[in-house]
Every structure is written in C-alpha cells, then in structure tokens.
1. Out of 189, 196, 138, 230, I need the residue that is loosely packed, with under 13 Cβ neighbours inside 10 Å and either part of a helix (DSSP H, G or I) or in contact with a helix residue (DSSP H, G or I) (Cβ under 6 Å, 6 or more places away or on another chain) (or both). Which one?
2. It is to be established whether one or more residues within segment 3-12 are out of contact with any strand residue (DSSP E or B) (no Cβ under 7 Å at 6 or more places or on another chain) and over 19 Å from residue 195 (Cβ atoms).
3. For segment 29-39, state whether one or more residues are part of a helix (DSSP H, G or I) and touching a residue at least 24 places away in the same chain (Cβ under 8 Å).
4. For segment 3-34, give me the residue count where each residue is within 17 Å of residue 214 (Cα to Cα) and surrounded by fewer than 17 Cβ atoms within 10 Å (Cβ to Cβ).
5. Please go through segment 204-217 and pick out each residue that is surrounded by fewer than 14 Cβ atoms within 10 Å (Cβ to Cβ), closer than 18 Å to residue 31 by Cα and modelled with pLDDT of 95 or more.
C-alpha cells in the first residue's frame, strides 16, 4: 500500500480538497507516490480536536497498512483565537490552553508514529472588515468575532510550540502579510482561503516536506512509469 500524508485541522483543512485547494494540490503533486488523506473538521478548535483524536486516528488504521504515515499536518488556531466576548465565544480557547493542546496533539501523534513528520501550521491573518461582511452566526455587536491581533498571538504561540518540540512550522500569519492587498488576495471572507491563499499554503508545505526529505525525487512510485514499459514486451515491467 502507498504511504500516507494526513491533513488534520479545521475548516481551512476541510475545504482544502475543493477546486484549487492546498490539499487537492498536494494530492495532485504526490499522485503517483503518496495518498493524501483529509481529516478536516469545520469549526473545530484544539480542545475539541483532542477529544476526537482516537476517532480521527484509531488504532485500527495501523493494522495491515504500509506502516507509519510519512507526515501529518496540524492546522488549528483560527477558531481557538475567536474572542471570548464576541458571537463565536463558544469556539474560543485561551492561549495557554491552546499551547498545551498543540503539545498534546503532537505527543499523541509521535507516540503513535515515532518516525512520522509532524508539521504545524499557524492560523492565517484575519481581515476584520471581511469578517463583518460574512458573519457565521448572528452578530448583533457589529464587531468582528476574530481580530488579526488575536490571530497573531496564536500564531506566535504555535511557532513557539514547534520550536520547543523541534518540529517544523509554517508561519502563515506572517507569510501572507508580506504581500500587498493580502486581505483580498488571500482571504475570501476574511478567514478562509482564496485560490492564491491556497497556493501559499501548498508551496509552504511542499517546501518543508522537501526539507524533511519527502519529495518526488526521494519517494518511490508504487508501479512502473509508462516510460519503463517495453513496447515489445509490456508485461515484463510487472514481473516480480
């Protein structure tokens, strides 16, 4: 069986298999070498993610497969960073708990699969004006349920946890804000990604996977390429 890469996160991960999504792009990129498996859950924060880890990654998936997955991306924080006094307060997770939860998620994955590469991704920046145009819940306050300042604090915490644990991290919050007009170029509703925003995530994840030794040049394909098949004796390529 092919090796796997799991994508674990909230709606930004769940939506990543849509047209032009970063998960779909990863699937296309690794189409002959790796199965990319989606585990995205819209609206989830790290507190909820911890509660469902055994269901998302049950012990049974280790039985009869090709071994440990190559990598798991962990992409939470956008919901944790909802403000506790706004309309999405039920999704809020305090900053110190967010850090603890990230450590616990990584610990679970590394205990299950010691050689698997775990990659953290920070929450993206927030376009507060965009969030007011596309509220998810009844918002009578007229204030955005997320702010870019709060998202930045959670992004810094995510980076700190990654450094503490010695694992790679995509600093999406900083990366996107290096570009002009990032609010409309990368975010469709102030939070979720446009095609260009998805491209940024895809490129950053590929760069880190390549640095970790997971590239098309290093990963074997599971069946012969057409160029390896002899037109005179095609079946020879499939002999074991």
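The values are calculated or read from the model by the stated rules, or taken from the named source; none is laboratory data. Keep in mind that what you see is a predicted model, and the values were worked out from it rather than measured. Note that each Cβ is placed from the backbone with ideal geometry, even for glycine, and that neighbours are counted across all protein chains shown.
1. Working: 189 fails: loosely packed, with under 13 Cβ neighbours inside 10 Å; 196 fails: loosely packed, with under 13 Cβ neighbours inside 10 Å; 138 fails: either part of a helix (DSSP H, G or I) or in contact with a helix residue (DSSP H, G or I) (Cβ under 6 Å, 6 or more places away or on another chain) (or both).
Among 189, 196, 138, 230, only 230 is loosely packed, with under 13 Cβ neighbours inside 10 Å and either part of a helix (DSSP H, G or I) or in contact with a helix residue (DSSP H, G or I) (Cβ under 6 Å, 6 or more places away or on another chain) (or both).
2. Yes: segment 3-12 contains one or more residues that are out of contact with any strand residue (DSSP E or B) (no Cβ under 7 Å at 6 or more places or on another chain) and over 19 Å from residue 195 (Cβ atoms).
3. Within segment 29-39, one or more residues are part of a helix (DSSP H, G or I) and touching a residue at least 24 places away in the same chain (Cβ under 8 Å).
4. Within segment 3-34, residues that are within 17 Å of residue 214 (Cα to Cα) and surrounded by fewer than 17 Cβ atoms within 10 Å (Cβ to Cβ) number 3.
5. 207, 210, 213 - these are the residues of segment 204-217 that are surrounded by fewer than 14 Cβ atoms within 10 Å (Cβ to Cβ), closer than 18 Å to residue 31 by Cα and modelled with pLDDT of 95 or more.
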